[in-house]
Amino acid sequence: MTGSDARGFAHEPVMISECMQLLNLHSGDCAADFTVGGGGHSAAMARLVSPGGTLVAMDRDTDAIGAAGRRLAEFSENVDVKLLHCDFSSSRKALLESLGQRAHGLDGALFDLGVSSYQLDGPRGFSFLRDEPLDMRMDRSQGRTAADLVADATNDELFTILRDFGEERFASAIARKIVERRQTARISRTSQLAEAVMAAVPRSAWPKDKHVATRTFQAVRIAVNEELAHIEAGLNIAIDLLRPGGRLVVISFQSLEDRIVKQRLLAGAGRAPSPPGRSPAAMLPRDDVAVLSILTKKPMEASASEVASNPRSRSARLRAAEKL
């Protein structure tokens, strides 16, 4: 993607060539991008299904839908492009209303999980690098903000969020510090949350390769947007709606996401035991009859050249499967 949109829509999509190769789309196919973002992956998918194909581009972020609409307008003569504002959990209803019975014949489905580059770069409160309102909602039309969560959650609830969604070693100390500081003033800005984390974690324990507040911001963001539950729902819907031979491609950026994707694909292949502990994937059922063939024995990673040109791809993990 080119340009210099200040909101970050200019960021290149991650592992685009690998995604398109694995999706294996052709002219006339029907494909769905469940996380359209700025439209980079969707544009590549549109080229593959043109002419005569259908592309459904979905996102829970209305700003993303607007940006994608502008990006995908060039394909309108040759591709039936449908833009849907929905989250993963409501995507089945949205797809059925938009495609009718054809929704049960998707040839390809793509997920690019986590927070997008433009969300990180925009004034949403996702990043600790700037002082801005502590929002973190991917869909700003609904739900409580990160500031609301930090203000209302009990100490135990904060500890659980930080431990389970951030895998934060100092979850207990950070939760206590947040509760302590909010008694004096509402934590309503990113700088206040970052400062609370820095005050809670001993300086000698700060990571050398990332900001000490990284895991806390990840945990709060996941909790605010209920991301892991939505991922499970979205994967189930996509797998159900794929036609035999249709392909599912998923890019994740952190271990919790990737664990859910891995377990769901294994479950679909009839090979997944229930994972132990508090894993968000622990409740995923194993399919009695295999419905998937896994195409990636191990997650694919971005090439060194892509990482050099697109730092977001550094942590990307790509998994894919084909519907039987």
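Which residue out of Asp80, Asp107 is farther than 21 Å from Ala233 by Cα, in a strand (DSSP E or B) and either of a type in the set (Val, Ile, Thr) or touching a strand residue (DSSP E or B) at 6+ places or on another chain (Cβ under 8 Å) (or both)?
Result of the check over Asp80, Asp107: Asp80.
Do we have any residue at all in the range 163-179 that's under 26 Å from the mean Cα position of the chain (by Cα) and surrounded by fewer than 16 Cβ atoms within 10 Å (Cβ to Cβ)?
Just the residues of the range 163-179 that are under 26 Å from the mean Cα position of the chain (by Cα), to begin with: 163-171, 174-175.
Checking the rest, the ones that are also surrounded by fewer than 16 Cβ atoms within 10 Å (Cβ to Cβ) come to 167, 169.
There is at least one residue in the range 163-179 that is under 26 Å from the mean Cα position of the chain (by Cα) and surrounded by fewer than 16 Cβ atoms within 10 Å (Cβ to Cβ).
So, in the range 198-232, exactly how many residues are touching a residue at least 60 places away in the same chain (Cβ under 8 Å) and either over 17 Å from the mean Cα position of the chain (by Cα) or more than 13 Å from Met136 (Cα to Cα) (or both)?
7
Kindly list, by first and then second residue, each pair from a residue in the range 20-44 that is closer than 20 Å to Gly69 by Cα to a residue that is among the hydrophobic types (A, V, I, L, M, F, W, C) and part of a loop (DSSP other than H, G, I, E, B), limited to pairs with Cβ atoms under 7 Å and residues at least 6 apart or on different chains.
Ala31/Leu25; Thr35/Leu113; Gly38/Met1; Gly38/Phe9; Gly40/Met1; Ser42/Val36
Among the listed residues Thr154, Thr160, Thr184, Thr190, identify the single one that is at pLDDT 95 or above and in contact with a Gly (Cβ under 9 Å, 6 or more places away or on another chain).
Numbers: Thr154 fails: in contact with a Gly (Cβ under 9 Å, 6 or more places away or on another chain); Thr160 fails: in contact with a Gly (Cβ under 9 Å, 6 or more places away or on another chain); Thr184 fails: in contact with a Gly (Cβ under 9 Å, 6 or more places away or on another chain).
Sole residue among the options that is at pLDDT 95 or above and in contact with a Gly (Cβ under 9 Å, 6 or more places away or on another chain): Thr190.
Given the structure, is Phe111 at pLDDT 95 or above, touching a Phe, Trp or Tyr at 6+ places or on another chain (Cβ under 6 Å) and either under 19 Å from Ala67 (Cβ atoms) or not assigned by TED's automatic domain parsing to the domain that holds Val56 (or both)?
Yes; evaluated as a whole, the condition is true for this residue.
Mind listing whichever residues of the range 83-120 are surrounded by fewer than 16 Cβ atoms within 10 Å (Cβ to Cβ) and within 21 Å of the chain's Cα centre (by Cα)?
Passing the criteria: only Lys93.
Could you pull out the residue among Ala64, Ala68 that is modelled with pLDDT under 95, buried (at least 24 other Cβ atoms within 10 Å of the Cβ), more than 24 Å from Asp240 (Cα to Cα) and touching a helix residue (DSSP H, G or I) at 6+ places or on another chain (Cβ under 7 Å)? Give the steps one after another, and end with the answer.
Details: Ala64 fails: touching a helix residue (DSSP H, G or I) at 6+ places or on another chain (Cβ under 7 Å).
Residue meeting the stated conditions: Ala68.
The values are calculated or read from the model by the stated rules, or taken from the named source; none is laboratory data. This structure is a prediction, so every number in the text was calculated from the model and none was measured. So basically every Cβ, Gly included, is an ideal-geometry build from the backbone, and we count neighbours across all protein chains shown.
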